[in-house]
Amino acid sequence: MSQPILAVIPLDDRAVNYECLALLGQAAGCQLLLPPKAWLGTPWRTGQMERLSAWLREVAPGADALIVALDTLGYGGLVDSRRSTASLTTVLARLHLLRELKAAQPDLTVLAYSVLMRVTRGNDAEEEKPYWGVHGARIFRMSVIEDRVAMAVATAAEIAELEELRAVVPSEFVADYRQGRARNHAVNRAMIEWTAAGVFDYLIIPQDDTVDYGWNIAEGRALRQLVGRLGLTERISIYPGADETDMLLLARYAARRAGLRPKVWLRLSGSTASQVITAYEDRPMTELVKAHLGPLGGILVDTPEAADLLLYVNAPAEVQGNGPDQYALLLRDDELAALPEPARQAVLAYRRQPSIADTLRELHTVRRDLPEFVRSLTAALAADRSCAVVDVAYVNAGDQALGDLLTSQVEVSQLAAYAGWNTAGNTLGSALAQAVIRHLQRLHGATADALAAHTRLLFLRLVEDYLFMSRLRTQIMLEELPGLGAPPNMANLGQHAEPVRIRVEAQLRAAAQTLAARCFDGRTLTAGDTRLTIASLDVASLDMPWQRLFDITLDIALTSA
């Protein structure tokens, strides 16, 4: 088959939506067209919607498919979808371009997604309107209780609490926020109707940072009802996620083009994990997996023998912990005593956070057996099966204990995918996407460049999710930021951003070189008649695009033997 051309409008300029997506496209054997990163949105810069629309209009006639983040075209990006004051009429007018392109090219595959806006749960205005810095937690709580009232499960104490919150939070802030939500909800309804009209071949409405109840959850219920009434359950998915959606839609395109509807066998790390609901999702783990299989047309199967992919999910046994907590909690007494006093005090203060209790429970649980989990994975890889590891025991970082076992006992270079970043939905969707594309390589062959792209992405996720997110990020935050005169947090670093970036790059590159030497150098990957033997992998460069420790951009260099 000829190389398909896909034009993509990403959600913003973060690596998961740009560099990682580009690597996945190379692994899939696709030519991905991406607009300049400088045109995409950030917390302090609205995406250049007119330029992006003009670019899409220019490249669409030569493309086989479009993957479009509707929030980027409609509002300027994910953050601006929460801040924008544009009217519904204005947003829909911006999106009308997609109707024009589909009408002009009926055979053009158009895959799109429109985020169901989160209700941020803390007093943090970094990615929200300014009043969220003071009233965010209260508005979040209002959202939860109002939905609990609507669903007839609110207690008398909650109803009384709601009245107290309404008396404290300025009504104009609530009205402004609800007005923005109403507009976004109307856009999502319109996008469902556009799908019914044939504008989109597939639409995902990912629920950003979800909980059990809230205004966003009520909107999700209404949207699912609309999808059902219109008979669109095979063309629209609504489930928790956001940042992974570009990758999942790319995998859908590649799988459909190859005629693959993946059959997946699910292997959990503990017997209680299937019913655990993770921190930013609204359904048990098994149901979350099923939801992310929707865009792929995939199903769960009962035995590994019946499966295309074996999905190894390290899920919470009791309650999902906070991944960045691991470093502070695992620091030994002698290591703590050896720290400079400002760093020691920062670690001790960090250990007093409320989230620590949940993380401690998961750190010491006996309801997950990681050694047995890894033995099963090792046997499956030895049998030449396509295996992916989804590491969601903790939110916002991989599991240090699992990472240590994987890199010491498993041929991780042969994994179809590994991920352990951000939310469970983010991790699951991105791992499934890469695993499907790696399985297609194994079924149908691939070029050496495609094999190299897969390997670079696999190595990137191990370096970022296991080495950086679960260890180095918290270490630098607690042990080095106080010495620079910066508060120990992962938010915008301001004048300290470049000194911190230099430290992160030096330390992470050294750790990555050790990982490459142990687990990748000299290993061979195959796809049909193509063989790629890895000579070396390295972190060529590192950036912090939003000037914060929370996420980084890595450029992974690979040389072959």
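The values are calculated or read from the model by the stated rules, or taken from the named source; none is laboratory data. As the structure is a prediction and not an experimental result, all values here were calculated from the model. Neighbour counts run over all protein chains shown; Cβ positions are idealised from the backbone, glycine included. Keep in mind that these areas ignore ligands, DNA and RNA; they rest on the heavy atoms of the full protein, side chains included. Shrake-Rupley method; radii C 1.70, N 1.55, O 1.52, S 1.80 Å.
Here are the numbers for the structure shown:
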| item | result |
| --- | --- |
| Principal semi-axes in Å for region 303-383 [√(5λ), Cα gyration tensor, largest first] | 36, 14, 10 |
| Distance between modelled label sites at Asp176 and Ile159, nm, 7 Å Cα→Cβ extension | 3.2 |
| The chain, helix-only ellipticity at 222 nm - DSSP H runs n ≥ 4, -39,500 (n - 2.57), divided by all residues, nearest 500 | -14500 deg cm²/dmol |
| Largest-first principal axis extents of the Cα set of region 141-261 (Å) | 57, 27, 23 |
| Relative intensity, log₁₀ I(q)/I(0), of region 64-115 from a Debye sum that treats every alpha carbon as a point, q = 0.19, 0.20, 0.22, 0.31 Å⁻¹ | -0.64, -0.69, -0.80, -1.20 |
| Calculated Rg and Dmax of region 101-161 using C-alpha coordinates, Å | 19.0, 57 |
| Extension reserve of the Asp124-Thr272 stretch, reckoned as 0.36 nm per residue once the Cα distance is removed | 49.9 nm |
| Hull volume in cubic angstrom per residue (convex hull over the Cα atoms of the chain) | 151 |
| Surface share of carbon and sulfur [accessible, 1.4 angstrom probe, percent] for region 280-434 | 53 |
| Karplus-derived 3J(HN,Hα), 6.51/-1.76/1.60, for each residue of region 145-151, Hz, glycine and proline x | 5, 4, 6, 5, 4, 4, 8 |
| All lysines inside 20 Å of Lys263 as judged from Cα atoms, apart from same-chain residues fewer than 8 positions distant | Lys290 |
| Estimated vicinal HN-Hα couplings, Hz - region 58-71 in sequence order (Karplus 6.51, -1.76, 1.60; Gly, Pro = x) | 6, 8, 4, x, x, 9, 8, 7, 10, 10, 10, 7, 5, 5 |
| Cα-based Rg and Dmax for region 250-360, where Dmax is the largest Cα-Cα distance (Å) | 19.9, 60 |
| Set of lysines near Lys129 by C-alpha distance (under 26 Å), chain-local residues within fewer than 8 positions excluded | Lys37 |
| Largest-first ellipsoid semi-axes for region 65-154, taking √(5λ) over the Cα gyration tensor eigenvalues, angstrom | 33, 16, 11 |
| Region 398-466 and region 148-176: distance between their alpha carbon centers, rounded to Å | 44 |
| Point-charge dipole on Cβ atoms (K/R +1, D/E -1) for the chain, about Cα centre, debye to 20 | 920 |
| Percent of Cα pairs exceeding the 17 Å cut-off, where the set is region 1-76 | 41 |
| All aspartates and glutamates inside 13 Å of Lys102 as judged from Cα atoms, apart from same-chain residues fewer than 8 positions distant | Asp64, Asp201 |
| Dipole axis of the chain (+1 Lys, Arg; -1 Asp, Glu on Cβ), positive-most option in Tyr394, Thr278, Ala255 | Ala255 |
| Relative contact order (%) - criterion: Cα under 8 Å, at least six apart; region: region 25-146 | 22 |
| Percentage, to the nearest whole number, of Cα pairs in region 236-290 over 15 Å apart | 61 |
| Region 130-171: projected area of the alpha-carbon convex hull, averaged over directions, in nm² | 2.9 |
| Distance in nm between pseudo-label sites at Glu100 and Ala306 (7 Å out along the Cβ direction from Cα) | 4.9 |
| Computed over the chain: relative contact order in percent, which uses C-alpha pairs under 8 Å that are six or more apart | 13 |
| Rg and Dmax [Cα atoms of region 452-500; Å; Rg one decimal, Dmax integer] | 13.5, 41 |
| Volume of the Cα convex hull of region 150-220, divided per residue and given in Å³ | 106 |
| Calculated from backbone phi, Karplus (6.51, -1.76, 1.60) coupling profile of region 253-262 in Hz, x at Gly/Pro | 4, 5, 5, 5, 5, 8, x, 9, 10, x |
| Translational diffusion coefficient (Stokes-Einstein; Kirkwood radius from C-alpha pairs) of region 194-243 at 37 °C, 0.692 mPa s, in µm²/s | 287 |
| Kirkwood-based shape ratio for region 182-334, expressed as Rg/Rh from alpha carbons | 1.03 |
| DSSP beta bridge pairing in the chain, given as percent antiparallel to the nearest 5 | 25 |
| Kirkwood Rh and Cα Rg combined as Rg over Rh, evaluated for region 427-517 | 1.12 |
| Among Ser536, Val91, Val134 the positive-end extreme of the charge dipole of the chain (Cβ point charges) | Val91 |
